[in-house]
Amino acid sequence: MLINVPETVVADALRGMAAAHPELMVDVENRVIVRRDAPVADKVALVSGGGSGHEPLHGGFVGPGMLSAACPGEVFTSPVPDQMVRAAAAVDSGKGVLFVVKNYTGDVLNFDMAAELAEDEGIQVAKVLVDDDVAVTDSLFTAGRRGTGATLFVEKLAGAAADEGAPLERVEAIARRVNENSRSFGVALSAVTTPAKGSPTFELPPGELELGIGIHGEPGRERRPMMTSGEIADFAVDAVVEDLRPRNPVLLLVNGMGATPLLELYGFHAEVQRALTERNVAVARVLVGNYVTSLDMAGASVTLCQIDEELLRLWDAPVRTPALRWGV
Amino acid sequence: MLDVLDGDFFRRWLTTAAATVDREADRLTELDSAIGDADHGANLRRGFAAVTEALAPRDADHPGAVLVLAGRQLISKVGGASGPLYGTLLRTTGKALGDGAEVSREELAQALRAGVDAVTKLGGATPGDKTMVDALVPAVDALSTSFDAARDAAEQGAEATIPLQARKGRASYLGERSIGHQDPGATSSALLFAALAETAEATR
């Protein structure tokens, strides 16, 4: 691993991020990444956060048209309420703050506590839970569907709405609509190695793959002998389309988990496009790359978001962040 | 049998717990990598180190104040699910103890019951879901008998999570594949009660 010691991995990355992105204010000690021009007058602010190890999520999505601030936790560990309250106070213009929370027990608990504390400080807070992972089938007997690739769609589209000047209830409603219209499915070709453990978190022999993987190196639901890119695309697209049943065009995210080369990812994207065409799903916009990663895991996920004219306009709206940037 | 517990006892309990967690961190991480995300040991180690540091100035001298301070540290330093859950356990227990300079074992058992109730309310887990609750509930019940009984009950509760299928927390995503592994959260809860019994033993 390209690190100094496991204990300083997150702080080291934040120092590097600060040096690379002067347009962001990176508080290394308190672990908050804020757009430098915050608070932006008369606009709703978006704050997200989660465990580190998923970069560029969330810090790489801070900037005009997307997040106002992000709170990175330890690797695969939700941040603490203190960070979220600090972030909310830094970005609130008086119009309120939307917390974008991926549905994991830790994230939910910490953001809930933070929302209470922020409200005590007079900040109006709304929360949206992202839970798009269709691999979690039995939501009644689990912690519920996980938040994965759709987080990017929620942060982009709700961020664009906030940028247009929409009030908090409207920004929250759009975030909710995006989540409800999004589904994801991921596969892993290799296990993940966390800096703290230094060895793979589960055994995945070469020649096998794990279907229904999350983004924390937690094993998936099913293991199979290696499939081709086309077979994996059919499996993932089936899982997503059967659950979402889109009637409108979709945004498509073909996301690398961290260690899969773009060469393979583009090839996989071609197969996903084929699979979607065969199932009569029209693709309005596409994003291919490593956006919601899982450290050094090899693999990919497919996320679809069913859109309408308003959501398409919000998608095309300008965005200027380290990892997502267009129209400016 | 030891029955008067003062602030110093609670401070020693928590520093003993910190040492226990530090010693067992690799085991917790190992258990967590089987059905979670391999960070439970590192996270609790960081949290309890912060607790030890916060208790050093001896600002908190009553049993309740010591636990409230420790709980606040865990909430501020750990993150994940275990930060809010363990933080709430200690904070609620501390609040229930009130501001007396000494408490009895039975009073601690009652206060811990309030703490465990707060944990189940916050996390939504009930016994049998393969979580920390599976160690906490029997331990608190047994504390009315003795510190050693509480330690043994917590350990048995943690071991009894092995055949269970997880219904809460990250292990729940594994479905049936969570069966056959001991729950890391129940294991760390058992460590807290082991530290409690060790502290009582050393006080006798």
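Mind checking which residues of segment A:170-215 are assigned to a strand (DSSP E or B) and more than 18 Å from B:His40 (Cβ to Cβ)?
Residues satisfying the conditions are A:Ser182, A:Arg183, A:Ser184, A:Phe185, A:Gly186, A:Val187, A:Ala188, A:Glu208, A:Leu209, A:Glu210, A:Leu211.
Among the residues in segment A:130-152, are any modelled with pLDDT of 95 or more and farther than 30 Å from A:Glu208 by Cβ?
Within segment A:130-152 (the criterion being modelled with pLDDT of 95 or more and farther than 30 Å from A:Glu208 by Cβ), the answer is no, since none of the residues qualifies.
For the list (1) part of a loop (DSSP other than H, G, I, E, B); (2) within 13 Å of the chain's Cα centre (by Cα), I need the number of the one condition that B:Thr92 fails.
The one condition B:Thr92 does not meet is (1).
Is segment A:126-146 home to any residue that is buried (at least 16 other Cβ atoms within 10 Å of the Cβ), more than 13 Å from chain B (Cβ to nearest Cβ) and in a helix (DSSP H, G or I)?
Within segment A:126-146, none of the residues are buried (at least 16 other Cβ atoms within 10 Å of the Cβ), more than 13 Å from chain B (Cβ to nearest Cβ) and in a helix (DSSP H, G or I).
I'm checking my understanding of the structure. Among residues of segment A:194-211 that are modelled with pLDDT of 90 or more and closer than 24 Å to A:Ala150 by Cα, which one is nearest to the other protein chains (Cβ to nearest Cβ)?
Taking the candidates together, the pick is A:Glu210.
Starting from residues that are aliphatic (A, V, I, L, M) and crowded, with 24+ Cβ neighbours inside 10 Å, keep the ones in segment B:20-30 and report whichever is farthest from the other protein chains (Cβ to nearest Cβ).
B:Val21
From A:Asp120, A:Asp112, A:Asp107, which residue is surrounded by fewer than 24 Cβ atoms within 10 Å (Cβ to Cβ), charged (D, E, K, R), within 14 Å of another protein chain (Cβ to nearest Cβ) and closer than 26 Å to B:Lys77 by Cα?
From the options A:Asp120, A:Asp112, A:Asp107, the qualifying one is A:Asp112.
Please go through (1) closer than 15 Å to B:Ala17 by Cβ; (2) touching a residue at least 24 places away in the same chain (Cβ under 8 Å) for B:His62 and return the number of the only condition it doesn't satisfy.
Every condition holds for B:His62 apart from (1).
Quickly run through segment B:112-132 and pick out the residues that are outside any loop (DSSP other than H, G, I, E, B) and touching a residue at least 40 places away in the same chain (Cβ under 8 Å).
Listed by number, the list holds a single entry, B:Gly123.
Can you work out which of the residues in segment B:156-174 that are surrounded by fewer than 19 Cβ atoms within 10 Å (Cβ to Cβ) and in a helix (DSSP H, G or I) is farthest from the other protein chains (Cβ to nearest Cβ)?
B:Gln156
Considering only residues that are surrounded by 19 or more Cβ atoms within 10 Å (Cβ to Cβ) and not in a helix (DSSP H, G or I), which ones fall in segment B:53-71?
Within segment B:53-71, B:Ala60, B:His62 qualify.
Counting just the residues of segment A:295-325 that are touching a Phe, Trp or Tyr at 6+ places or on another chain (Cβ under 9 Å) and in a helix (DSSP H, G or I), which one comes out surrounded by the fewest Cβ atoms within 10 Å (Cβ to Cβ)?
The qualifying residue surrounded by the fewest Cβ atoms within 10 Å (Cβ to Cβ) is A:Asp316.
Which one is surrounded by the fewest Cβ atoms within 10 Å (Cβ to Cβ), of the residues in segment A:31-57 that are within 14 Å of chain B (Cβ to nearest Cβ) and either among the hydrophobic types (A, V, I, L, M, F, W, C) or under 13 Å from A:Glu155 (Cβ atoms) (or both)?
A:His54
Which is away from chain A (no Cβ under 14 Å), outside any loop (DSSP other than H, G, I, E, B) and without any contact (Cβ under 8 Å) to a residue 12 or more places away in the chain, of B:Ala153, B:Ala149?
B:Ala149
Scan segment A:58-97 for residues that are buried (at least 24 other Cβ atoms within 10 Å of the Cβ) and polar (S, T, N, Q) and jot them down.
Correct list: A:Ser68, A:Thr77, A:Ser78, A:Gln83.
Considering only segment B:64-116, how many residues are away from chain A (no Cβ under 14 Å), closer than 15 Å to B:Leu136 by Cβ and not small (Gly, Ala, Ser)?
8
If you check B:Ala34 against the conditions, is it within 10 Å of chain A (Cβ to nearest Cβ) and modelled with pLDDT under 95?
Considered against the rule, which asks whether it is within 10 Å of chain A (Cβ to nearest Cβ) and modelled with pLDDT under 95, B:Ala34 comes out as yes.
Would it be correct to say that A:Asp27 is acidic (Asp, Glu), surrounded by fewer than 23 Cβ atoms within 10 Å (Cβ to Cβ) and on the phi > 0 side of the Ramachandran plot?
In short, no.
So how many residues does segment A:212-226 have that are under 18 Å from A:Ala150 (Cα atoms) and either aliphatic (A, V, I, L, M) or free of Cβ contacts under 8 Å to residues at least 24 places away in the same chain (or both)?
Selection size over segment A:212-226: 2.
Here is a list: B:Asp148, B:Asp141, B:Asp99. Which entry is surrounded by fewer than 23 Cβ atoms within 10 Å (Cβ to Cβ), of a type outside the set (A, V, I, L, M, F, W, C) and touching a His at 6+ places or on another chain (Cβ under 6 Å)?
The match here is B:Asp99.
Would you say B:Leu14 is modelled with pLDDT of 95 or more and more than 10 Å from every other protein chain (Cβ to nearest Cβ)?
Taking the combined requirement at face value, the residue satisfies it.
Can you confirm whether segment A:163-170 contains a residue that is under 25 Å from A:Asp316 (Cβ atoms), of a type outside the set (Lys, Arg) and buried (at least 24 other Cβ atoms within 10 Å of the Cβ)?
Taking every residue of segment A:163-170 in turn, none turns out to be under 25 Å from A:Asp316 (Cβ atoms), of a type outside the set (Lys, Arg) and buried (at least 24 other Cβ atoms within 10 Å of the Cβ).
Does any residue in segment A:227-238 that is assigned by TED's automatic domain parsing to the domain that holds A:Glu208 come within less than 6 Å, Cβ to Cβ, of a residue that is in a helix (DSSP H, G or I) and surrounded by fewer than 16 Cβ atoms within 10 Å (Cβ to Cβ) six or more places away or on a different chain, and which pairs are these?
A:Ser229/A:Gly267
The values are calculated or read from the model by the stated rules, or taken from the named source; none is laboratory data. Keep in mind that this is a model prediction, so the values were computed, not measured. Using ideal geometry, Cβ is built from the backbone for each residue, glycine included, and neighbour counts are taken over all protein chains shown.
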